[in-house]
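Only one structure is covered here, and it is reproduced in the block below.
Any read-out appearing in this document is the output of simple, stated calculations on the displayed coordinates, not a laboratory observation. The structure presented is a predicted model; accordingly, all values stated were derived computationally and were not measured. Every residue, glycine as well, gets a Cβ built from its backbone with ideal geometry; the counts of neighbours run over all protein chains shown.
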Amino acid sequence: MLLLSGGAIIDHAHFPDIRAVLPVSGTAVLLLSLNRQPRICRCFAHPILIGLGLISYALYLWHWPVISLTRLLADWPSHGVRLVLMLLSVALASATFLWWERRWRFAASRLAIPMLCAGALLLAGGAGLACLFTGSEQERLASDWLPRNSMHVVFAGEDVRGKIGQKNTVLFGDSLAEQYLPRALYLCAQDKAGSRGIILIHGGHYPPYPGSLLQTREDEGVFQKFMSVCRDESVDTVIISGNWVVGFGGATWAPVLLHGKLLDPARDWDKVVAAWREVMRFLVERKKRVYLVWTNPIDVNLDYSHMFRRQIFPPRTIFDPQPADCTAIRKGWGGKARAMVKGLAEEFGAIFIDPADSLCHEGKLWPLDEAGEPICRDHGHFRASYVKNRITYLDRAFLGQ
């Protein structure tokens with residue numbers, strides 16, 4: 001059961017959930033069997049295992065700051081560095097047990113342990129306050145997003161978000177499509193006659209298509225809502241955008257099901273292409289003007305928290321923004337997916353837009369605007385204020401031109 005839990009609990013799984021029963025039950029069965037199985041008991045009486053047991057709590061306390069400090073200096077440590085971190089945590093835990101825990105735990109003074117606990121609490125509290133104050137700027141940027149519970153309207157019998165006009169543009173996809181709504185609403189507000197509307201329909205992590213569903217089911221019913229809305233004759237323009245790579249099964253952190261089975265990008269590629277051709281035929285037959293918008297640049301250098309380098313000796317924080325790589329999203333499965341989306345646009349007379357063509361210079365995107373403000377709220381989503389005032393490559397689509 002313990003070995004099985006190692007395969008069931010993976011990086012992108014939502015945990016804890018029902019899978020937590022596996023390691024807990026396995027541990028319980030193992031402990032209960034110690035008294036009944038002498039061989040198992042002798043195995044766990046080995047000096048190495050006893051030593052690990054003695055330092056286990058100190059190891060639990062040490063591994064987190066060791067890993068966290070390393071993540072501040074290097075975002076994704078290599079496997080070799082991770083092995084060194086594990087050995088360092090064991091060494092620190094051993095030293096703590098030998099020269100600290102064993103000495104003070106059985107100290108004659110009754111004041112020793114309370115004083116140590118009080119000191120630890122003060123230290124942890126100070127660290128928490130420091131994090132609170134230093135994180136305020138990042139919180140301000142993260143909050144620069146259109147409230148998800150705003151502007152709900154009923155259109156074509158469906159609960160959607162946006163503003164209804166005599167003629168309407170549908171913005172469809174995921175949160176990467178949702179981020180464009182502030183600009184669309186701004187342009188609609190400039191129309192004094194109120195003839196142009198914008199309808200947002202979005203799910204999670206990718207633009208949904210026929211037969212697709214996230215394993216978490218958070219996008220259930222989104223595609224059906226999109227089809228229902230597009231049947232309305234007042235809809236003359238459709239914009240589809242999002243993280244296309246996820247929709248092709250190219251992201252392990254967001255597994256996609258196709259007709260109830262886990263999508264395999266190598267095996268099911270043609271099925272996904274066929275599904276999108278079905279969508280395009282549906283829209284073209286109804287004489288919709290279609291814009292297919294490729295994924296905007298996604299890079300850790302766009303995240304405000306990654307614009308700082310923390311130096312230990314001497315301790316200081318250095319503001320050091322670096323340009324984002326606009327070509328990363330076009331590599332691997334991304335390059336193949338981009339070619340497919342562009343090919344669909346050419347095949348059905350749609351308009352293909354790659355945000356990098358407008359945002360990037362020589363394959364790079366600077367993470368700050370002219371005023372020195374970050375353009376993104378995280379590593380892949382633009383801030384609402386930046387979209388409203390600076391993102392113009394979708395203006396013709398929003399205006400139905």
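Worth a mention:
- Between Ala118 and Ile67, the simple spin-label model (points 7 angstrom out along Cα→Cβ) gives 3.3 nm.
- Estimated Rh, the stretch 212-310: Kirkwood, alpha-carbon pairs, angstrom: 15.7
- Peptide ranges 382-390, 169-177 listed from the most packed, as the mean C-beta count within 10 angstrom indicates: 169-177, 382-390
- Exceeding the 20 Å Cα-Cα cut-off - candidates Lys261/Lys336; Lys192/Lys225; Lys163/Lys388; Lys163/Lys342: Lys261/Lys336; Lys192/Lys225; Lys163/Lys342
- Check: the stretch 252-401 dipole with +1 on Lys, Arg Cβ and -1 on Asp, Glu Cβ, in debye: 380
- Taking 7 Å steps out from each Cα toward its Cβ at Lys287 and Thr27 produces label points 6.6 nm apart.
- Relative to one another, the C-alpha centroids of the stretch 145-196 and the stretch 340-401 are positioned 18 Å apart.
- Sorting 205-217, 45-57 by their mean Cβ neighbour count within 10 Å, with the most densely packed peptide first, gives 205-217, 45-57.
- 5 Å binning of all Cα-Cα separations within the stretch 147-398, expressed as whole percents from 0 upward: 1, 6, 13, 17, 18, 16, 13, 8, 4, 2, 1, 1, 0, 0
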